[in-house]
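Let me begin by presenting the structure, written as structure tokens, before commenting on it.
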């Protein structure tokens, strides 16, 4: 499977890389969405759209308060970042934004870089907390500050503070520092935002609009990201379908080409039906997995990896929950599969079995009914039926576990995240939105892995298919054309010489044919007869090199057939198989199969000889009558006659008839043979003929009697009747003495 | 009966990659009628199914409530966090633990109920599938032969396997899914409404959008799916044809031609395959996009509403869960409609078969064939009286045929291939009903006998010997199920097959495999002769071998048949001229019609079709 993919994916390397890149993009987009949701919750809702502790604008008085708690360097940086707007020279729009300008000067934030902003944010944390704390304690009527202020009749607590001795102030600052250390980053950020929010409210700034704005912008970004994700996914779909369809096209094409060049030996090894499934279904299977692989399997690790990155950057350390869920889920699927897999396999066998029983029942219906054994058959059927029921129930009950268990695990994950996340929120390492986002990542990741599991279920079947396809592709041909092909000797036209030919199937222990010697001459018929398994068909199938001889040699026109190309050899031969094989098309196209430029007249002459004219003419469309796939719309006898005609149209030097008259009735058989004899005498063609019926070969110039792969006798009918016992046996079993005597 | 054995049709078109997406579904002609029948058929399981539905409902409702409760925990986290920020307190973890406890219970109950429901539904469908298969098998028994003439066996086979399979698979899925999805479709909006009507409105607006887009794509991709299926069939057809005709293709140097043609088909397939795959693959990103659209909407609207304080953050979280899940039951319902369609199509074919007219019922006053002590009352005289018969009513093949055959006589039926030589045989055994006229056995109309009794009078040895997968002993005993081992062996001996059986590895207990390919054609025929011996019939029907039997076996078969024919009335479908000439009567058939009747000498004197047929074999060139 892997080998196969490696070889056939090569032409598609660029699109595959593009697919991976796009999937990466898609994963990034999908993962970014919960991030924005988390921002909306944390910043938009909870902090009113304020991202950090850097105020957009600040009253001069508050500005001064903050500077109280800064070092000189910090103070300079802070003052540098703001510009002062005085009450008098405020522009109209500034007045609108900051209504407080009517009464008080306002510092407005300059356009600063994000790096400077971060620095500003960091240095503002402490002063803001101090200011907030002081304002709070000033309002506390039982507090020390309030009492002190009363004592000195000072209304502004900060004036009070500035009057404090330095070491007292230091102690205060130290306390705040401790507090900052204790609480997490998220809380400091949230409290900074709270300070800014209060300040902006005091300035009279429209904070609601700010919040709406923030949510709007986040929403718009999310929309763009969603669009980006969809775009990536669609492009992936486009590329993946083109790659997998192209992959299977190439694979199918190669398999077909390979098989077309197989000899009969490779065909026998695989069997025709297996080769058909390998070229069609198996390739289809591999293609299916390809698509799945490109779109789903590759996606899962990408999104998994991306999610881990996001999780790490969000600061929540709950990755173990996801890992645990994935492991549990894969474990559940694994166990269920292990339980159900053997039953799945049995299930296929049982389906075959019930098919078998029913087929037996249908095919043997006359016998079943003739012997009154319907009940017996029904019992047999019921036995298999019961087994199917039991097997299916087991599979269903096992697989029924899957869905409930999976939902349970996923819901359990949410609960665990709430619990663990809650504690992390309290310690300030994450915010609620982060936790919510985390829940969503974990669902995405778990889903991606579930998808892998689903695809993995299909994998064994596909890999079996892949192996079967590979087997075909990696088969070496048994029959090769020679490196330097010779050509036929025209002076010995029509001579076929078998010289000590032996043949055995590869891996077989015994020869099918042993030491066969004979010569077939032009203008003569050489016939082969023998009981089933005597090897008579094998003999003539050696001539067109469907198989190669194991020992000895076959000479055609004086040249060893292994020394010429298969193409040149077969050009000489008109072959008629045992079963008439026709191809889709019409009668004429079938007759012209070997000679595309044959005239209508040639077709007519050939069908006349093949006794096919009568039935062709009886069809309303004559030679244009369509032939369905496999020639199912003509009878066996008609097929045989057409395939004889097809060989005749070719006008070959050598005719090979492999029991080609078996579906014809005696009368047609006799007539056809008569006509054929006339033709071959005239054209000096060599005829090799295999038959079951003795009447079909009685008049051949040379009859080769085969028995268990060896020649039992060669001669004419009369000669063999006298000398060959095997021939006599065959003859007597088919004809009575009297009939034979009639000759 | 057609001799053509049609192989099982090449399955349904394989499930395309990314299944589901817009593949045209086979539709039933009468959808609602078929579904009604199906529901009626499932009557024995009504009670359990009701419980299943109730369980499904409870399970889904619990599942739907879950997020709303979870929201309370989130809300506590939010307010707890604020308390932490403003240093007024901390998160109340006891409260959260309480909520988690409730939810664990909820989810557990829901999952268990879902599991129980799945099992109940699966059991109901499996049992239905079982009884459907059983009924089909029993139905086959009651069908007249003529039914199978017009249909390939593969057709009936595919009803037992493919159709029942499709039905059981799609039914099992559909039943539980329909219930669950339906409750979800109603339940989710209700839960959404409890949070915020504005957000619900928005969420519900997004869904039709996805439906419209999806149905648009389905329509588009279906065109390509149909095309793809067609080109796939063309590719497969070409492969099948060229591989089956491999030798001929090679013999005529047709490789290049075949490869070129394949390339054309293959390219067509590629073009449609990627397009249909791409289009159906679009469904996922599009539904995902629309889902994301809803997600963004929820975040936006929820953000505003939460900031305004009319909902909580937990509500947003719950709402997101609802919106994300809401697409699921809708697409599932759409899918269920599809699977139901194919289930209905399968069910329709099954019911069609179950409702086919059956054989003419048996006579209510059957004539006995044995007396009280078990001795046969039948001698074996057969007569035909003005018999008319045609496989189609408009094409009568036997016209007014009358004949009297004495017990123990031999009748040879001759004619060219496909002349309908087996017709007479089928009529005798009442595999078919006559159009008019009567056939008598020992002077009794064969309709007066029970079919079983009538058929037990006949023994059959057909050329296409039918054996089943089982031991040789079992196969032989098929002739008479209550025969002892000794009787079976005696019958085998009489049929000259005992010796052969004993040379096998396991003797009488040798298994004959499914295709009966482990014994030769000739040996099969010997076994069927033995089987007929065991049945000891009054009347014999023999089909002589034409070919593919080796000489020595042929001699044995001949001897076995001769032995069997002694003292029985015989109908022989004859190929050997010696048999024909020794027959007491010859029926000459041509194109389904009996054209001449008489002895060999009479017929030769007539110089008609028989003479032609007889001479054709030995015509001088």
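What the table below lists for this structure:
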item: Label zone at residue A:133, where the point sits 7 Å out along the Cα-to-Cβ direction: segment A:167-206 residues whose backbone N lies under 15 Å; result: A:167-184, A:188, A:191-192
item: Listed peptides A:109-117, A:711-719 by packing density, highest first (mean Cβ within 10 Å); result: A:711-719, A:109-117
item: Debye intensity ratio I(q)/I(0), log10, the protein assembly as shown, q values 0.05, 0.08 Å⁻¹ (C-alpha model); result: -0.57, -1.06
item: Residues in segment A:44-62 that a label on residue A:108 would reach, taking backbone N under 19 Å of a point 7 Å out along Cα→Cβ; result: A:54-62
item: Nearest 10 degrees, 0 to 90: helix B:46-85 Cα axis against chain B principal axis; result: 30
item: FRET efficiency, 1/(1 + (r/R0)^6) with R0 35 Å, evaluated for residue A:336 and residue B:50 via beta carbons; result: 0.80
item: Where a label projected 7 Å from the Cα of residue B:138 along Cα→Cβ would reach, residues of segment A:363-378 with amide N under 20 Å; result: A:369, A:372-378
item: Cα gyration tensor shape of segment A:57-204, rounded if a/c is under 1.5, else prolate or oblate by comparing a/b with b/c; result: oblate
item: Spin-label pair residue B:513/residue B:30, simplified geometry with 7 Å Cα→Cβ offset, distance in nm; result: 4.6
item: Chain B pair-distance distribution - Cα-Cα, 10 Å bins, rounded %; result: 3, 11, 16, 17, 15, 12, 10, 7, 5, 3, 1, 0, 0
item: Residue-span extension gain [residue B:310 to residue B:386] - 0.36 nm each, minus C-alpha spacing; result: 17.8 nm
item: Förster-model FRET efficiency, 30 Å R0, residue B:593 and residue A:628, C-beta, rounded to 0.05; result: 0.60
item: Partner chain coverage, peptide B:113-120 - average Cβ within 10 angstrom; result: 4
item: Where labels lie 7 Å past Cα in the beta-carbon direction, separation of residue B:448 and residue A:140 in nm; result: 12.1
item: C-alpha long axis of helix A:283-292 to longest principal axis of chain A, angle in °; result: 0
item: Segment A:237-294 and segment B:55-134: distance between their alpha carbon centers, rounded to Å; result: 47
item: Cα-based helix-to-principal-axis angle, A:725-734 vs chain A, degrees rounded to 10; result: 80
item: Label-to-label distance, nm, for residues given as residue B:155 and residue A:487 (7 Å Cα→Cβ offset); result: 5.8
item: Whole-angstrom gap from segment A:383-410 to segment B:252-281, using each part's C-alpha centre; result: 40
item: Cα convex hull volume per residue for segment A:317-429 (Å³); result: 81
item: Fraction of beta bridges assigned by DSSP in the protein assembly as shown that are antiparallel (%, nearest 5); result: 60
item: Residue order, fewest to most beta carbons within 10 Å, for B:383, B:402, A:662, A:643; result: B:402, B:383, A:662, A:643
item: DSSP bridge pairs, chain A: antiparallel proportion in percent, nearest 5; result: 60
item: Separation of alpha-carbon centers, segment A:473-538 and segment B:288-359, rounded to whole Å; result: 68
item: Förster radius 35 Å - calculated FRET efficiency between residue A:272 and residue A:2, Cβ distance, rounded to 0.05; result: 0.80
item: Number of partner chain Cβ atoms within 10 Å, mean per residue of B:129-141; result: 5
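Values in this text are rule-based calculations from the coordinates and carry no lab data. Quick caveat: nothing in here was measured; it's all calculated off a predicted structure. Heads up, the Cβs are rebuilt from the backbone with ideal geometry, glycines too, and the neighbour counts pull from every protein chain shown.
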